1. In whole Å, largest first, what are the principal axis extents of the Cα atoms in the stretch 129-250?
2. Under a point spin-label approximation (7 Å from Cα along Cα-to-Cβ), what is the residue 175-residue 84 distance to one decimal in nm?
3. Quick check on the stretch 155-205: take the gyration tensor over C-alpha atoms, sort the square-rooted eigenvalues as a ≥ b ≥ c, and tell me if it's rounded (a/c under 1.5), prolate or oblate.
4. Near residue 87, within a Cβ-to-Cβ distance under 15 Å, what is the net charge of the other residues, with Lys and Arg +1 and Asp and Glu -1?
5. First select every other residue whose beta carbon is under 14 angstrom from the beta carbon of residue 75; then total the charges, Lys and Arg +1, Asp and Glu -1.
6. In terms of modelled amide H atoms, which long-range or inter-chain residues lie less than 5 Å from the amide H of residue 56?
7. On average, how much area does the Cα convex hull of the stretch 98-194 cover when viewed from any direction, in nm²?
8. Could you run the Karplus curve 6.51 cos²θ - 1.76 cosθ + 1.60 with θ = phi - 60° over the stretch 94-102 and give me ³J(HN,Hα) per residue in whole Hz, x for Gly and Pro?
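The values are calculated or read from the model by the stated rules, or taken from the named source; none is laboratory data. Fair warning: this is a prediction, and the values are worked out from it, not measured in the lab. So basically every Cβ, Gly included, is an ideal-geometry build from the backbone, and we count neighbours across all protein chains shown. Ligands, DNA and RNA are stripped out before the accessible areas are found, and what is left, the full protein with its side chains, is counted by its heavy atoms. Shrake-Rupley method; radii C 1.70, N 1.55, O 1.52, S 1.80 Å.
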Amino acid sequence: MNKKILVVLFVAAFMLASCSTISKLGIGGESVEEEMELQEIKAEPTEAALSESTYYRDELEEDPNKDWGMRVISGLEKQLIWTQMGGKLRLQTLPPNDINFIFFNKDNDYKDVIVQAEVENFGQLDNAYSLICRATEHGWYEFRISSSGYYELLRFDQYKKDEGKNAYTSYTEKRLNSTLINGGLDKNVFSLSCVDSTISAFVNGEQLYFEKRPLAIEDDTYSEGTIGFGILGYGKELDMTFNWIEAVKP
């Protein structure tokens, strides 16, 4: 047989075999998904999602009045403007008064707890966010950070306020600077830990240091109470958000 005819027959046979193979792979015919009856891959719950360590979490997507009540420590209530923006609780304030607004959880009390939140600034840097644990009518522990890089750890005593005195006792004596705090308009996650008689504070996953030692204060004034969060400002317009807040088992 002519060699050219043999070559043609061989090429033709090869092409037919290739077409059969392509068809089996679903190209030009049924798709691989249809032919192999493939199913959607569904995510399994991660260990974090299955964890029982979270007592309470609020994404702050609903009316905050449902779970929270506000207390005005300083300033006027009419200075506060709150809205919900893209799944965040946006808190804005108007001048001219210094303000300290705190939002207490209505339903949950804890002994040992870590309360933490993600916050974001959209305005003045001269501000402060606060987290609170073990709050009762007698007082609470409070941790503050500011968008200008400062922090402070305090105790609030209601009896001092009733006597017309400064209700806050600062464990750090003044506001201190920390490079752990993201300044400007960057986000921060900060945490207040109240475990037994030890009160400690963390920023972006790292424990703060005070006088070259981890910031851990021993104080047994308050042993149980609710959690809270708040904002502070010093006579200027503020624009800031809490993106979520949670109470975690130590």
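1. The principal-axis extents, from largest down, are 37, 33, 29 Å.
2. In this crude label model, residue 175 to residue 84 measures out at 3.1 nm.
3. Numbers: a/c = 2.70, a/b = 1.72, b/c = 1.57.
Prolate, since a/c reaches 1.5 and a/b exceeds b/c.
4. Numbers: positive: 57, 88, 90, 187; negative: 58, 59, 61, 62, 63, 118, 120, 246.
Net of charged neighbours comes to -4.
5. Details: positive: 71, 78, 236; negative: 77, 98, 237.
Spelling it out: positives minus negatives among the neighbours equals 0.
6. 247
7. Details: hull surface 27.0 nm².
Mean projected area of the Cα convex hull: 6.8 nm².
8. Coupling constants for the stretch 94-102: 10, x, x, 7, 4, 10, 8, 10, 10 Hz.
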